[in-house]
Amino acid sequence: MNNSLKPRFGVLISGNGSNLQAILDACAAGTLDAEVAVVISNKLEAYGLERARKSGVRAAGLSPAHYEDAAAFDRAVLGELLRHKVDWVVMAGYMRLLGSHVLDAFPQRVLNLHPALLPAFPGAHAIEEAFSAGVKETGVTVHIANEEFDQGPIIAQEAVPVLPNDSLESLEERIHAVEHRLYPEVLRWIAAGRVRVHDRKVVVDDH
Ligand code: GRF
């Protein structure tokens with residue numbers, strides 16, 4: 001942990017970065033007492049890198065193609081996180097499995113956001129799959145990440161109903177709106193020191 005009280009987040013992205021934006025906005029508005037210390041993308045063209053720069057946050061684009069193998073790439077990601085003295089790793093639309101170097105360096109301190117009610121619909125196409133399956137309800141999950149994709153102790157979930165007239169796009173829009181509210185909310189709990197893991201389950205302490 002750094003010595004100042006504000007936790008330092010390292011945000012991992014792969015694309016648009018609308019969730020990153022929600023986090024940056026909450027920090028700027030003072031509703032989230034934390035700092036985004038660095039934004040790292042595995043896609044050099046990710047718009048989220050631009051969002052980071054616009055907010056004056058260090059943006060690092062690292063392409064896996066420039067590294068010998070997945071482990072070398074993972075070590076480079078870890079190097080950036082350590083260089084910026086990150087306390088928590090926050091995956092926000094990071095579409096790549098995080099390797100063991102980062103997970104081992106940040107035990108129980110890597111978060112992931114998923115656009116479905118896990119364990120239902122894991123993977124990269126959760127919204128489409130839930131929509132095609134005809135479920136009446138899907139939602140958003142924030143969880144602590146481990147080495148398996150979209151697994152690990154769940155911190156928070158919020159249901160989103162699938163409405164009779166929904167298109168994939170309208171459902172996506174409502175899910176993203178929930179994500180943009182729920183992720184900063186969970187990060188507030190983290191910043192307040194209210195989140196702990198007990199018996200492989202997450203406990204959120206009262207204020
Ligand atoms: C979000 O729906 C997130 O849950 C998923 O990827 C999307 C990222 O969106 N894993 P953005 O890059 O934050 O706009």
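At a glance:
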quantity: First in the range 20-33 and outside any loop (DSSP other than H, G, I, E, B), second anywhere and within 12 Å of the ligand (Cβ to nearest atom) and of a type in the set (Asp, Glu), Cβ under 9 Å, 6 or more apart; calculated: 22/179
quantity: Every residue from the range 23-45 that is within 11 Å of the ligand (Cβ to nearest atom) and surrounded by fewer than 22 Cβ atoms within 10 Å (Cβ to Cβ); calculated: 43
quantity: Filter result for residue 150 (in contact with a Lys or Arg (Cβ under 9 Å, 6 or more places away or on another chain), open to solvent by less than 50 Å² (accessible area, probe 1.4 Å) and of a type in the set (Asp, Glu)); calculated: no
quantity: Among residues of the range 1-22, those that are of a type in the set (A, V, I, L, M, F, W, C) and within 13 Å of the ligand (Cβ to nearest atom), counted; calculated: 5
quantity: Single residue of 192, 124 found to be of a type in the set (Gly, Ala, Ser), open to solvent by 40 Å² or more (accessible area, probe 1.4 Å) and under 22 Å from residue 99 (Cα atoms); calculated: 124
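The values are calculated or read from the model by the stated rules, or taken from the named source; none is laboratory data. As the structure is a computational prediction, the values presented were derived from the model and not from experiment. Every residue, glycine as well, gets a Cβ built from its backbone with ideal geometry; the counts of neighbours run over all protein chains shown. Accessible surface is based on the protein model in full, side chains and every heavy atom, while ligands, DNA and RNA are left aside. Shrake-Rupley method; radii C 1.70, N 1.55, O 1.52, S 1.80 Å.
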